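Working notes, beginning with the structure itself.
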Amino acid sequence: MAYSTNSLKSTLLIIVIIATILNITESKPLKYSQRKIEVLRNFKRVFKPSSDAEWSNWAGNVVVKPEFIFYPTSVDDIKDIVKNAKENGKKVRCAAEGHSWSSLALTKDYLIVVKNLTNVKVQQNEKYGWTVTAEAGATIKQIDDTLRNHDPPLTIESMTVLNSVRAAGVVATGSHGAKFEGRSIPDNVVALQIVTGDGELHEFTEEKNPDDMNAARINLGLLGVIYTVTFRVVPMYNLRMIDSFPLAKEWIKPENFKKLVETSDGIEIFYWPFNQGKLDTSNDVLWVKQWVRTNDTPTFTQQDLEKQRQLEESSSKFAKSIYDLMLLSPEFTPALTGFLWNLSRYPSNAVYQAPDAIHYQAGIDNIPVDDLEFSYKLEKNYTTVADEFNYLFQRSVDYAKQGKFPMTIAEIRIIKSSPLWLATVHDEDPDAVYGAIEILGINNNPSWNEFANEVGKRWMDKYQARPHWAKNWEPVPGIKPYLHNLLGDRILKFENVRKKYDPNNTFFDNDSLKQVFYGS
């Protein structure tokens with residue numbers, strides 16, 4: 001068979017790449033070559049060499065170029081990787097879907113990406129009734145589908161809007177939904193299996209050791225690599241989802257927030273600045289989303305919902321192009337925002353099965369954004385919620401007068417507290433109520449950092465607010481020593497557990513967390 005010049009070049013290139021990977025040239029010390037060949041022999045199914053591999057998070061603000069990236073397909077793979085890291089003095093960090101903004105997955109050594117671990121199974125538990133166990137890389141959609149198709153149908157009480165994120169990621173970072181009684185997602189976890197610093201699989205439950213379980217539920221990847229997560233589940237139920245759009249300046253009153261919380265299963269309130277197409281915000285409206293449990297039958301069939309989700313996917317891609325135009329020509333932001341708002345927002349009142357109501361919007365991950373979220377304890381009259389919305393209204397106008405439009409969306413969710421040490425809504429009082437307030441801006445907006453840092457500093461100073469670990473908290477000035485002092489004894493409690501399972505600090509490879517835990 002005759003080979004073309006291009007074919008020969010391609011073949012030579014492949015040979016060069018293989019030789020480089022195997023490190024068989026004489027330019028490297030023999031000991032290093034043997035170690036790398038051994039890694040290849042053990043893990044050739046699940047790794048990519050750092051010379052031509054990198055991993056980035058969804059937002060694109062964190063890029064990891066480690067020595068090796070591993071994609072395990074079994075718990076034995078994870079054990080082998082961790083043991084190899086221990087033997088060679090390497091650090092290990094872990095990533096799931098990467099739908100985050102913080103640097104938690106950053107490492108120069110070994111990165112384990114768990115997306116190939118996707119098994120899900122339902123079982124009964126003597127204490128908790130029905131539970132579902134998901135491998136670390138199972139998406140929320142896979143978990144939802146398994147529970148929905150079970151006999152009887154089941155669901156998880158608290159979950160994120162996105163259903164593309166993965167089990168280990170939402171648990172390890174202390175993520176939450178909008179269900180008031182659902183608390184944080186890790187509060188619904190009853191067991192975890194984690195490959196710790198010794199390279200062995202350990203199970204964490206309340207029954208075995210409450211303190212160990214507290215640390216494991218929100219562990220930031222510091223105890224090891226999560227293999228499985230077991231959630232408490234409940235019988236499937238329906239939610240009536242009510243969307244209304246009141247005039248912002250008239251609705252933003254403490255009593256309205258209070259009444260909404262008291263009459264709902266969950267709420268989410270959004271504000272798009274300049275949504276009426278003008279710099280004057282006096283006629284801007286809010287998007288008030290309310291969930292109420294109901295015995296009414298769902299309004300839509302699953303086929304109808306699938307068509308709706310496909311339309312939302314397409315619409316979000318169109319919206320992305322409009323947001324790109326805003327970055328190119330900021331002066332058109334009010335007009336374009338008004339156009340998008342009027343195109344897509346309308347009052348609705350419909351019944352859904354719980355997971356369909358919670359994952360109410362498809363396609364939002366088609367629009368990369370920056371995201372800052374803090375949680376702070378609310379007083380009973382909800383005055384500060386109104387204060388913060390009014391503050392964001394006014395600062396949006398102030399920035400706009402300078403030709404800057406940093407904030408695309410502001411929103412708040414209100415949930416009950418968590419006893420977990422590293423929870424952003426931690427409180428010893430189980431009835432304490434927290435507001436999770438969030439601002440988002442389109443990626444690469446030149447005024448985002450200025451605005452986000454100002455807002456984050458305000459929430460820290462005014463409320464002793466705590467950031468969502470997965471969001472873009474690290475750039476806020478002074479936040480790492482602030483968190484070190486604020487978390488105080490809770491860090492010590494967590495460290496007592498962490499050192500038991502990772503005495504050699506195999507998983508402690510993050511500069512931000514080092515500053516938070518140990519001070520600058």
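Looking across region 117-143, the residues that are touching an Asp or Glu at 6+ places or on another chain (Cβ under 9 Å) and at pLDDT 95 or above come down to Leu117, Thr118, Asn119, Val120, Gly137, Thr139. Answer yes or no: is there a residue in region 100-120 that is within 13 Å of the chain's Cα centre (by Cα), in a loop (DSSP other than H, G, I, E, B), among the β-branched types (Val, Ile, Thr) and more than 19 Å from Glu200 (Cα to Cα). Looking through region 100-120, none of the residues is within 13 Å of the chain's Cα centre (by Cα), in a loop (DSSP other than H, G, I, E, B), among the β-branched types (Val, Ile, Thr) and more than 19 Å from Glu200 (Cα to Cα).
The rows are residues; the columns are (1) within 14 Å of Ile226 (Cβ to Cβ); (2) open to solvent by less than 40 Å² (accessible area, probe 1.4 Å); (3) aromatic (Phe, Trp, Tyr).
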site: Lys121; (1), (2), (3): no, no, no
site: Thr139; (1), (2), (3): no, yes, no
site: Asp145; (1), (2), (3): no, no, no
site: Pro153; (1), (2), (3): no, no, no
site: Ser158; (1), (2), (3): no, yes, no
site: Asn163; (1), (2), (3): no, no, no
site: Gly169; (1), (2), (3): yes, yes, no
site: Ala172; (1), (2), (3): yes, yes, no
site: His176; (1), (2), (3): no, yes, no
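Report yes if some residue within region 280-295 is under 19 Å from Met241 (Cβ atoms) and in a loop (DSSP other than H, G, I, E, B); otherwise report no. For region 280-295, residues under 19 Å from Met241 (Cβ atoms) and in a loop (DSSP other than H, G, I, E, B): present.
Being among the hydrophobic types (A, V, I, L, M, F, W, C), without any contact (Cβ under 8 Å) to a residue 40 or more places away in the chain and under 24 Å from Ile81 (Cα atoms) is a property that does not hold for Val114. Is there a residue in region 125-138 that is assigned to a helix (DSSP H, G or I) and not hydroxyl-bearing (Ser, Thr, Tyr)? No, because not a single residue in region 125-138 is assigned to a helix (DSSP H, G or I) and not hydroxyl-bearing (Ser, Thr, Tyr).
Restricted to region 230-260, and to residues there that are of a type in the set (S, T, N, Q) and either crowded, with 17+ Cβ neighbours inside 10 Å or in contact with a His (Cβ under 9 Å, 6 or more places away or on another chain) (or both), the residue that is farthest from Thr133 (Cα to Cα) is Asn256. Only a single criterion out of (1) more than 15 Å from Gly363 (Cα to Cα); (2) crowded, with 16+ Cβ neighbours inside 10 Å; (3) out of contact with any Gly (no Cβ under 8 Å at 6 or more places or on another chain) is not satisfied by Trp291, namely (3).
Screening region 79-90 for residues that are in contact (Cβ under 8 Å) with a residue 12 or more places away in the chain and farther than 21 Å from Gly137 by Cβ and picking the one that is most open to solvent (accessible area, probe 1.4 Å) gives Lys86. As a summary of the residue check, Pro475 satisfies the conditions (1) crowded, with 16+ Cβ neighbours inside 10 Å; (2) part of a loop (DSSP other than H, G, I, E, B) except for the one numbered (1). Residue count for region 231-261 under the criterion of being in contact (Cβ under 8 Å) with a residue 60 or more places away in the chain and part of a loop (DSSP other than H, G, I, E, B): the result is 6. Touching a Ser or Thr at 6+ places or on another chain (Cβ under 8 Å) and either among the aromatic types (Phe, Trp, Tyr) or within 25 Å of Ile437 (Cα to Cα) (or both): does that describe Gln290? Judged against the criteria, Gln290 is a match.
Quick one: how many residues across region 178-205 are among the β-branched types (Val, Ile, Thr) and either open to solvent by 10 Å² or more (accessible area, probe 1.4 Å) or in a loop (DSSP other than H, G, I, E, B) (or both)?
2
The values are calculated or read from the model by the stated rules, or taken from the named source; none is laboratory data. Because the structure is a prediction, the values reported are computed rather than measured. Neighbour counts are summed over all protein chains in view; Cβ atoms, including those assigned to glycine, are modelled from backbone coordinates with ideal geometry. Just so you know, the surface numbers come from the protein's heavy atoms only, side chains and all, with ligands and any DNA or RNA stripped out. Shrake-Rupley method; radii C 1.70, N 1.55, O 1.52, S 1.80 Å.
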